[in-house]
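Asks: Dropping a structure here in structure tokens format, bear with me for questions.
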Amino acid sequence: YQRLGDVAFNKIEKVSGELFTLMYGAIVIQVLKDADGDAEQTSTQLEKMGYNIGMRMIDEFLAKSNVTSCRDFKETGEVIAKVAFRMFLGVTAECHHSAPTVSPPADGSPQASSDAAFRLVFVENPLSEFVELPEHCSNLAFSNLLCGVIRGALEMVGMRVSCRLVKDTLWGDEHTEISVVLKEVIAEHYQDDED
Amino acid sequence: PSSHGGMGSYSFVIVAGGDNPIYEAEFTPAHKKDAQDSANLNQFVIHAALDVVDEMLWNSSPIYLKVVDKFNDQLISAYVTAGHARFMLLHDVRNEDGIRSFMHDVHELYVKVLLNPFHTPTQRIVSETFDARVRALGKKYLN
């Protein structure tokens, strides 16, 4: 997938990295202002914006990246990390798969089926270069737009996921990490037009 | 206080477009630290030098103005950025090369601060990383 990623990156139109970073920064500041400085609301808003972007981005991705169908959710993670990230952000992420939990919950409730999940880990983040979070919004999920993009894109190809920014270099962590958990595989509904 | 080459005391201020200081730092070796009053005097002197800087800018458009003013036996060097932020350094020893390098490197750090979307040009610089790095540069070039 690394090679596919590089090929896609070379084919796609590029914009100045700094322009991209500055534009995103301006968007975040504006959303924060509109939310009266509420960091949590801003994080949610960014995710929603990302969702709308992801819904549309998936078509471009599939058209330009030449990837084939993924056999399982693990592969989905690899494709996002190596191809999509490279193509749209110019950076490669690592995809870490967690072993599904098997031990039954302590409170005796029926065990939920172990959710397929993966974590996208990356150190360089073009969205947040030069950014330092001020104290009054130190819990802002600055790159939450990415979570929305992943959620929106995957929904369009039949997977309902929950996506969360769990680590961020802006929060003092050593890298940025997005957790993606598969909630439901959406069955396709075919409308019978003939009736 | 007599000036002996090398161990000078320096007072550094960044003044934004609206003539309000957005960053201050002192680089003074311990044995020369004065009373609190001198801090206010330094600010006053630097502020007065701003007028000299502005006048010089009318006539030419340099970046590094070197020594622009003198007060008693203290000198003031200035460096102006494209966005009209003025780096003012109050010092009592001549150290042109060191000061020039210092100003240049601080300028790079300053640009990075400006690129932070949370920072507005007229706001005080609150970044601790910036402060730590400027102090490290001060140690490197000014002492």
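Asks: Averaged across A:128-138, how many Cβ atoms of other chains sit within 10 Å of each residue's Cβ atom?
Replies: Values: counts 2, 3, 9, 5, 11, 2, 6, 1, 1, 1, 0.
The per-residue average across the peptide is 4.
Asks: Follow-up question, since we're still on this one. For peptide B:116-126, what's the mean number of Cβ atoms from other chains within 10 Å of each residue's Cβ? List each step's numbers first, then the result.
Replies: Numbers: counts 8, 16, 13, 6, 1, 0, 0, 1, 0, 0, 3.
The per-residue average across the peptide is 4.
Asks: Show B:F44, A:F130, B:F27 ordered by accessible area, largest first, where the area counts protein heavy atoms only and the probe is 1.4 Å. Write down the numbers at each step before the final one.
Replies: Numbers: B:F44 145, A:F130 55, B:F27 15 Å².
Per-residue accessible area, sorted high to low, gives B:F44, A:F130, B:F27.
Asks: Take the cross-link list A:K74/A:K167; A:K33/A:K183; B:K112/B:K140 and give me the ones stretching past 23 Å between alpha-carbons. The partial results should precede the final answer.
Replies: Numbers: A:K74/A:K167 20 Å; A:K33/A:K183 33 Å; B:K112/B:K140 20 Å.
Checking Cα-Cα distances, A:K33/A:K183 exceed 23 Å.
Asks: Here's something else I'd like to know. Average partner chain C-beta neighbours within 10 Å, per residue of A:85-92? Intermediate results must be reported in sequence, preceding the final value.
Replies: Details: counts 0, 0, 0, 0, 0, 0, 0, 0.
Average neighbour count from other chains, rounded to a whole number: 0.
Asks: Also, I was wondering about something else. At a Förster radius of 45 Å, what calculated FRET efficiency corresponds to the Cβ-Cβ distance of A:V157 and B:Q43, to the nearest 0.05? Spell out each step's value before the answer.
Replies: Working: r = 62 Å, r/R0 = 1.37.
Once rounded, the FRET efficiency stands at 0.15.
Asks: Continuing with this model, one more query. If you count only protein heavy atoms and use a 1.4 Å probe, how large is the accessible surface of B:S11, to the nearest 10 Å²?
Replies: 10
Asks: How much accessible surface area, in Å² rounded to 10, belongs to the heavy atoms of A:L145 with a 1.4 Å probe?
Replies: Solvent-accessible area, nearest 10 Å²: 20 Å².
Asks: On to the next question. Would you work out the relative contact order for chain A, in percent, from Cα pairs under 8 angstrom that are 6 or more residues apart? Before the final figure, lay out the partial values.
Replies: Numbers: 297 pairs, mean separation 51.6, N = 195.
Over chain A, the number comes to 26 percent.
Asks: What are the aspartates and glutamates whose alpha-carbon lies under 16 Å from the alpha-carbon of A:K14, with same-chain residues fewer than 8 places away excluded?
Replies: A:D6, A:E60
Asks: Using only DSSP helix segments of four residues or longer, with each worth -39500 (n - 2.57), what per-residue ellipticity at 222 nm results for the protein assembly as shown after dividing by its residue count and rounding to 500?
Replies: On the way: 9 runs with 138 residues, N = 338.
Theoretical 222 nm ellipticity from helices: -13500 deg cm²/dmol.
Asks: Rounded to the nearest 10 Å², what accessible area does A:Y24 have for a 1.4 Å probe in the complete protein model?
Replies: 10
The values are calculated or read from the model by the stated rules, or taken from the named source; none is laboratory data. If you're wondering where the values come from, they're calculated on a predicted model, not measured in any experiment. Backbone-built Cβ (ideal geometry, glycine too); neighbour counts: all protein chains shown. The accessibility values were calculated without ligands, DNA or RNA, using every heavy atom of the protein model including side chains. Shrake-Rupley method; radii C 1.70, N 1.55, O 1.52, S 1.80 Å.
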